[in-house]
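What follows is one structure encoded as structure tokens, with my remarks underneath.
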Amino acid sequence: MKTFDGGNNWEPQTTNSDNNILSIHFFNPLQGWAAGGTYLTQEQSTILRTSDGGKNWITCNRITSQVLTAGSFIDPDTGWVVGDLASILKYSGAPDINNHPPGVTNPRKFCVFEDSLFTFTAKAFDIEGDPVTFAFYDYPVWLIPADNTISGNPPKGAADTSFVVVASDGEMSDTVTVSVTIKTVNKAPVITNISDFTMLNTEEYAIQLDSCACDENDLCETLCWQVTSSDTNLKVNLNNRIVKFSAPHWTGVADVKFRVMDPENAADSVKVTATVVNPTQIEKDNKIPVTWSLNQNYPNPFNARTVIRYGLPEKELVRLSVYNLKGELVEKLIDKDMPAGYHDFIWNADRFASGVYFYQIQAGQFVRTKKLLLIK
């Protein structure tokens, strides 16, 4: 029986010999010897030799009539056997002096990503053209050998490893160690919390970009941002991962492209629409909305003051409140009946600390919550 996994599983093998096998000895995964004999008719010794890990066995010349009970070999051609009647015999083969060992031709170093298939197909060159067999050992549990290949998927968190390859032509062999470096899969950053926005042409509109990207592998400080506008009237100033927009004396619509890239050049991008208005446009906007709405505050992030716009298709009791990250009420902004139409509330946050807050509107059955960022 042969095992590949320390005895957890065994594979039956046969020598095709009629005699009993009483001793077996391998000095590498491919080359080994077996000794034994039989008492059925007359005592006969048996010595068998394999060069392919026990798949095939060759019967060697009889060296005694005594049954052999144990043996030990130091190389493919030199060994000792013991048998009945206290016999101790030394076996010295006659190797072909013109034979050369095969040489493994595979690279010795590989790099593989976590959770991706790694396959190693052993190759060797034999100058005499002899058939070459292969064996693998000292490999990690996630690798599985089969004939001349070994393959598997390194699990997440697996450490760098190695395994041994032995190539044999039946008489001589080559042994090499193959190292495997396992790399973490780099996932591109993902842009979040950036959407269409409306800003006043009398104020800067700022966005803190550290809160606008998620990256499993890299810190926010290592990400590189690019922000561009399709209209030169909308000015873009990017510094220390804070982007500020300004458009003095201009109103209109522009496309704004955000692109973020990690140190390994994996990137994500998003395009949003920026609408620039002036305060008088907001005041003149008295259309009646067809449904309830709560807009993103502008500017956002903001310093001290920001505008919160909401729309009512009909008269409604409106409660507009601001909460902190713990869900605690910070300030109640509105708690009264409001007529149908669009309404703007300017929140003055002078007395509050910088940080993330949430504002929520309740108007009848309509409830919406949005996030805002105060930076001082």
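Read the figures in this text as sums done on the coordinates, not as results from a lab. Note that this is a predicted model, so its numbers are computed, not measured. In this analysis, Cβ positions are derived from the backbone assuming ideal geometry, glycine residues included, and neighbour counts consider all displayed protein chains.
Multiply the residue separation of T121 and V330 by 0.36 nm, subtract the distance between their alpha-carbon atoms, and state the gained length in nm to one decimal.
Details: separation 209, 0.36 × 209 = 75.24 nm, distance 6.56 nm.
Gain on stretching T121 to V330: 68.7 nm.
Computed over the Cα atoms of the chain, what is the convex hull's projected area averaged over all directions, in nm²? List each step's numbers first, then the result.
On the way: hull surface 128.7 nm².
Averaged projected hull area, Cα only: 32.2 nm².
Going by how many other Cβ atoms sit within 10 Å of their own, how do L294, L22 line up, fewest first?
Numbers: L294 19, L22 16.
With the sparsest Cβ surroundings first, the list reads L22, L294.
Share of Cα-Cα pairs in the stretch 103-183 beyond 15 Å, in percent?
Details: 1731 of 3240 pairs.
Tail of the P(r) past 15 Å holds 53 percent of the pairs.
Could you work out the helix-only [θ] at 222 nm for the chain, with each DSSP H run of four or more residues adding -39,500 (n - 2.57) and the total divided by the number of residues, to the nearest 500 deg cm²/dmol?
-500 deg cm²/dmol
Could you tell me how many cubic angstrom of Cα convex hull volume the stretch 308-366 has per residue? Can you show the working numbers first?
Numbers: hull volume 4.8 nm³, N = 59.
Convex hull of Cα atoms, per residue: 82 Å³.
Which trypsin sites (Lys or Arg not before Pro) in the stretch 130-236 pass both tests, a DSSP loop state and at most 14 other beta-carbon atoms within 10 Å? Intermediate results must be reported in sequence, preceding the final value.
Details: sites: K156, K183, K187, K235; in loops: K156, K187.
Of the trypsin sites (Lys or Arg not before Pro), the ones in loops of the stretch 130-236 whose Cβ has at most 14 other Cβ atoms within 10 Å are K156, K187.
If the limit is 20 Å between Cα atoms, which of K109/K183; K332/K371; K187/K371 go over it? Mind dumping the intermediate values first?
Working: K109/K183 13 Å; K332/K371 16 Å; K187/K371 27 Å.
In this structure, K187/K371 lie more than 20 Å apart at Cα.
List the chymotrypsin sites (Phe, Trp or Tyr not before Pro) within the stretch 130-196 that fall in a DSSP loop (any state other than H, G, I, E or B) and whose Cβ has at most 16 other Cβ atoms within 10 Å.
Numbers: sites: F134, F136, Y137, W142, F163; in loops: W142.
Here the chymotrypsin sites (Phe, Trp or Tyr not before Pro) that fit, given the DSSP loop and packing criteria, are W142.
Arrange the following residues from fewest to most other Cβ atoms within 10 Å of their Cβ: R351, R305. Don't jump to the answer; show the numbers that get you there.
On the way: R351 7, R305 12.
With the fewest neighbours first, R351, R305 line up as R351, R305.
I'd like the Karplus ³J(HN,Hα) series for the stretch 190-201: coefficients 6.51, -1.76, 1.60, θ = phi - 60°, whole numbers in Hz, and an x wherever there's a Gly or Pro.
Rounded to whole hertz, the list is 10, 7, 9, 6, 10, 9, 3, 9, 10, 9, 8, 7.
Mind listing the phi-derived Karplus ³J(HN,Hα) values for the stretch 170-183, rounded to whole Hz, using 6.51, -1.76 and 1.60 with θ = phi - 60°, and x for any glycine or proline?
x, 10, 10, 9, 10, 10, 9, 10, 10, 9, 10, 9, 9, 9
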